[in-house]
Amino acid sequence: MVIAREPVFAFDNSYAALPQRFFARLPPTPVSGARALVLNDALARELGLDPSRLGDRATVDILSGNRVPAGAAPLAMAYAGHQFGSWVPQLGDGRAILLGEIRLPDGTRRDIQLKGAGRTPFSRMGDGRAALGPVLREYIISEAMAALGIPTTRSLAVVATGEPVYRERTLPGGILTRVARSHIRVGTFQFLAARDDTDGLRLLADHVIDRQVPDARGSASPYRVLLETVVTLQARLIASWMHVGFIHGVMNTDNMSISGETIDYGPCAFMDGYDPRQVYSSIDHAGRYAYGNQPAIGHWNLACLARALLPLLADTEDAAMTIAREVIDGYPDQFRNAYLAGLAAKLGLARSRPGDDKLAQDLLGCMAGSGADHTLTFRRLSALDIEPDHRDTDLFALFADPDRCSAWLASWRARLAHEQRGDTARRAAMRMVNPSCIPRNHLVEQALEAAVEHDDTGPFHALLSVLTAPFDERAPNDRYTRPPQPDEVVQATFCGT
């Protein structure tokens, strides 16, 4: 293993200073034919890095795992988790290596992780590698989520390894450089709690507080504040998923980040036609993680976190349980408030009035009954004035029952009469929260097929360019805004592990 002499990353590692039982120290496994496929110059600048160096041979060697940069402390994190509701006492980073942490100018930290970097002690029977398709998929969807304003891990680079990986068939390999506020999960706390490691729990909680919730240090109950903070972040995060029709697909507790970022883009997807029961994940046979179930699953996962934190919340179990219940019982209202506030904004309602919740739910009911496209319904609604005109027909075209939609529009316009904004200002505000473009499943699959099967990243970069400006107005019937044709509909998405 060669050590890079000129570090691209100025590491300042804190997680590596925790006890050895929290992780396994090991370097990435080198690859034979590394070449950069996608480089995120904009993110590099946000991180205080020099984007002109991302494509250098020395940097590509770092991003492929062929060189360990100076100051790095490579490790695979240990964690446990509930997977589809079933307890798994040990999981961990089976194909990811945390190189280390860097500090941003504002003092916050970002993890730099290589995903697909080789076997670790947590790989179980896996090869520790990632196929190129899932790596590109995580890159494009995570960057699209960031552009939509949804908290998420970020993608700095994709490197092709030049080596095959063996799944159902032989596929080209890839490595993703993932950037996150933290890779600590609900399952990280569960890992320690399951081993009755109270000292470890306290060290981990203190680490999270120091890094992400420093205000909790001044509290008489810092661990309660930590739990309250995570509950709030998750309520807001899942509400934001619901606003854009995002389905995570595998909301296991080991895939739930303490930092409130969307993490682990496996069989995720965006809805086309609105349906609360929609499932895409090929492994979610019972629909546990369907679109409409996500808020309740978030609640369940947070209860698992609270259970893990019980030894820190109070001196007695009864007192700890009381605190945990109080905090977790606050989640439904926090989610509801965030969700309804977002829906109101999507409907162009700046001031809350009685009946707004029903107005929003009535629209969703119309959409579900007609299979109306989730994204286009709200985007076309953003173009309408308080007085009916020819543009109404563009919205009606999305509904199997236009009369029902027309009746709802009359109610919406009556409600708009109580707003103080004019049509121009309202439409502009609605366009800022109702995207014209999302990562539609068929477009993502087409871009990945071109890259993986034909070594053509042109469609990938073209789609990425559109998705990083999701609120821009686009020409009518633009291919990036259209729902899939019947023969383009994606029925299932896959984890890619």
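The values are calculated or read from the model by the stated rules, or taken from the named source; none is laboratory data. Please read all numbers here as calculations on a predicted model, not as lab measurements. Here the Cβ is made from the backbone with ideal geometry for all residues, glycine too, and neighbour counts use every protein chain on show. Note: accessible area is taken over every heavy atom of the protein model, side chains too, but ligands, DNA and RNA are not part of it. Shrake-Rupley method; radii C 1.70, N 1.55, O 1.52, S 1.80 Å.
On a per residue basis, segment 239-369 carries 37 Å² of accessible surface, using protein heavy atoms and a 1.4 Å probe. Using the Cβ of residue 369 as centre and a radius below 15 Å, the other residues enclosed give a net charge of -3, where K and R count +1 and D and E count -1.
Rounded if a/c is under 1.5, else prolate if a/b beats b/c, else oblate: with a ≥ b ≥ c from the C-alpha gyration tensor eigenvalues square-rooted, which is segment 15-101?
Working: a/c = 2.01, a/b = 1.89, b/c = 1.07.
In terms of gyration-tensor shape, prolate.
About its Cα centre, the dipole of the chain is roughly 540 debye, where the only charges are +1 on Lys and Arg Cβ and -1 on Asp and Glu Cβ.
Can you give the longest run of the chain that contains no GluC sites (Glu not before Pro) sitting in a DSSP loop with at most 13 other Cβ atoms inside 10 Å?
Longest site-free region, per DSSP loop and neighbour criteria: 169-472.
When only alpha carbons of segment 21-158 are considered, Rg and Dmax amount to 15.4, 46 Å. The trypsin sites (Lys or Arg not before Pro) found in segment 217-291 that occupy coil by DSSP, while having at most 10 further C-beta atoms within 10 Å, are 277.
Taking only protein heavy atoms into account and a 1.4 Å probe, give the accessible area per residue of segment 90-157 in Å².
Working: 1920 Å² over 68 residues.
Accessible area per residue, segment 90-157: 28 Å².
I need the shape label for segment 400-468. Rule: rounded when a/c is under 1.5, else prolate if a/b > b/c, else oblate, with a, b, c from the alpha carbon gyration tensor. Don't jump to the answer; show the numbers that get you there.
Values: a/c = 6.98, a/b = 2.31, b/c = 3.02.
Oblate is the answer for segment 400-468, as a/c is 1.5 or above yet b/c matches or exceeds a/b.
Placing R0 at 41 angstrom, the Cβ-Cβ distance between residue 52 and residue 471 gives a FRET efficiency of 0.90 after rounding to 0.05.
Scan segment 159-208 for trypsin sites (Lys or Arg not before Pro) in coil per DSSP, keeping those whose Cβ has at most 16 other Cβ atoms within 10 Å, and list them by number. Can you show the working numbers first?
Values: sites: 167, 169, 178, 181, 185, 195, 202; in loops: 167, 169, 181, 195.
Here the sparse-neighbourhood loop sites are 167, 169, 195.
Which percent of the accessible area of segment 348-497 is formed by carbon and sulfur heavy atoms (probe 1.4 angstrom)?
Numbers: 3760 of 7340 Å².
Carbon-and-sulfur percentage of accessible area, whole number: 51.
Dipole size in debye (nearest 20) for segment 336-440 around its Cα centre, Lys and Arg Cβ +1, Asp and Glu Cβ -1? Kindly include the intermediate steps, with their values, before the conclusion.
On the way: 16 positive and 13 negative charges, 92 e Å.
The dipole magnitude comes to about 440 debye.
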